1. Which of 115, 265, 316 sits farthest toward the positive end of the charge dipole of the chain, with +1 on the Cβ of Lys and Arg and -1 on the Cβ of Asp and Glu?
2. When the helix-only estimate is applied to the chain (DSSP H runs of n ≥ 4, each -39,500 (n - 2.57), divided by the residue count), what is the mean residue ellipticity at 222 nm, nearest 500 deg cm²/dmol?
3. Share of the chain's accessible area from carbon and sulfur, percent, 1.4 Å?
4. What percentage of all Cα-Cα pairs in the chain are separated by more than 31 Å?
5. Taking the highest mean first, how do the peptides 217-229, 117-129, 257-269 order by number of other beta carbon atoms within 10 angstrom per residue?
6. At 1.4 Å probe radius, can you tell me the per residue accessible area of the range 179-319 in Å²?
7. Size of the dipole of the chain about the Cα centre, Lys and Arg at +1 and Asp and Glu at -1 on the beta carbon, nothing else charged, in debye to 20?
8. Take the Cα atoms of the range 205-319, build their convex hull, and give its volume per residue in Å³.
Amino acid sequence: MSLLNGARRALAGLVLLAATACTSGPSLENQGEVTVPPGDSRELTIGSAGFTESDLLAQMYALLLERAGYSTDIISVTNREIYEPALESGQIDVVPEYAATFADWLNAKANGADAAPVGSPDLATTMKALRALAAPRGLTVLDPGRAVDQNAFAVAASYAKKHDLKTLSDLGRANLPVRLAAGDECVQRPYCAPGLEKTYGIDIVAVDPKGVGTTQAKQAVQNGQDQMVLTTTTDATLDAFGLVLLADDKKLQNADYVVPVVNRARAGSDGVRDALGRLNTVLTTADLASMNEQVDSWRRLPEDVARTYLESKKLIPKG
């Protein structure tokens with residue numbers, strides 16, 4: 001992958017993306033049916049959503065596709081409202097996505113912001129809904145692997161030990177008042193404070209708006225200002241703050257497994273499917289957490305971390 005060529009494509013791509021964000025995808029009369037055979041363009045643009053984990057996944061996709069004989073560029077577009085239409089139009093060919101989140105996003109786009117969610121804790125149900133929503137837009141959702149990046153809730157290890165807490169159900173049974181460090185939207189999100197109260201009976205007395213998994217939020221739990229923090233299952237920094245995850249034993253969170261989504265007309269071939277599918281047998285949630293840590297805490301480049309990982313799993317030869 002040429003870094004110079006990639007940079008040029010990224011700059012040009014951003015201009016195109018801004019101009020076409022609302023005007024791409026299959027025509028309205030063709031919505032609801034697959035009208036284009038799978039394509040196999042040998043030059044593919046991979047989209048990243050601009051955060052560490054998405055950058056890592058995009059780099060791994062690029063390396064695997066190059067190993068399979070494709071030429072790749074990576075473009076970073078942080079706004080899904082822009083990169084998803086670009087994926088439909090073929091300006092972007094491949095993106096790493098999260099099954100339940102993307103299913104609900106496409107559902108809201110198709111049926112309105114008030115549409116009932118289609119993502120669920122069950123992966124098969126979520127994938128069925130996601131593929132049904134993606135196909136009319138000229139998108140193919142490839143198979144998910146083992147890695148999942150879900151919302152997760154952590155408490156201080158000392159707090160967990162004192163109250164014998166291993167699961168969110170344990171916390172609900174303990175009848176403890178809980179200040180939750182999270183984003184301010186947690187007050188209304190069904191998978192955050194309302195879900196914790198309804199599903200687990202946890203007494204959320206306040207939401208401290210310090211963000212999702214931020215250093216400030218973790219420090220608030222570490223020093224006892226708050227009792228629990230909203231983070232993710234791929235957060236590799238919890239040990240540094242003396243925090244531990246409580247298991248989501250009643251499966252409140254949706255099945256946000258990592259899935260590649262491709263433009264069918266350009267990247268819907270068996271070659272792309274097979275190249276990216278090689279990652280499914282090895283990549284785990286713990287692997288993603290470790291790689292996130294290497295980039296965020298050790299300041300390693302995502303491309304270097306991705307390459308080292310794939311080499312260690314013998315998915316690409318050592319360079």
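The values are calculated or read from the model by the stated rules, or taken from the named source; none is laboratory data. Not measured: the values here are computed from a predicted model. Here the Cβ positions follow ideal geometry from the backbone for every residue, glycine too, while neighbour counts run over all protein chains shown. Surface areas here come from the heavy atoms of the whole protein model, side chains and all, with no ligands, DNA or RNA. Shrake-Rupley method; radii C 1.70, N 1.55, O 1.52, S 1.80 Å.
1. 316
2. Calculated from helices alone, the mean residue ellipticity at 222 nm is -12500 deg cm²/dmol.
3. The value for the chain is 52 percent carbon and sulfur by accessible area.
4. Percentage above 31 Å: 35.
5. Answer by packing, highest mean first, reads 257-269, 217-229, 117-129.
6. Result: 47 Å² of accessible area for each residue.
7. 460 debye
8. 165 Å³
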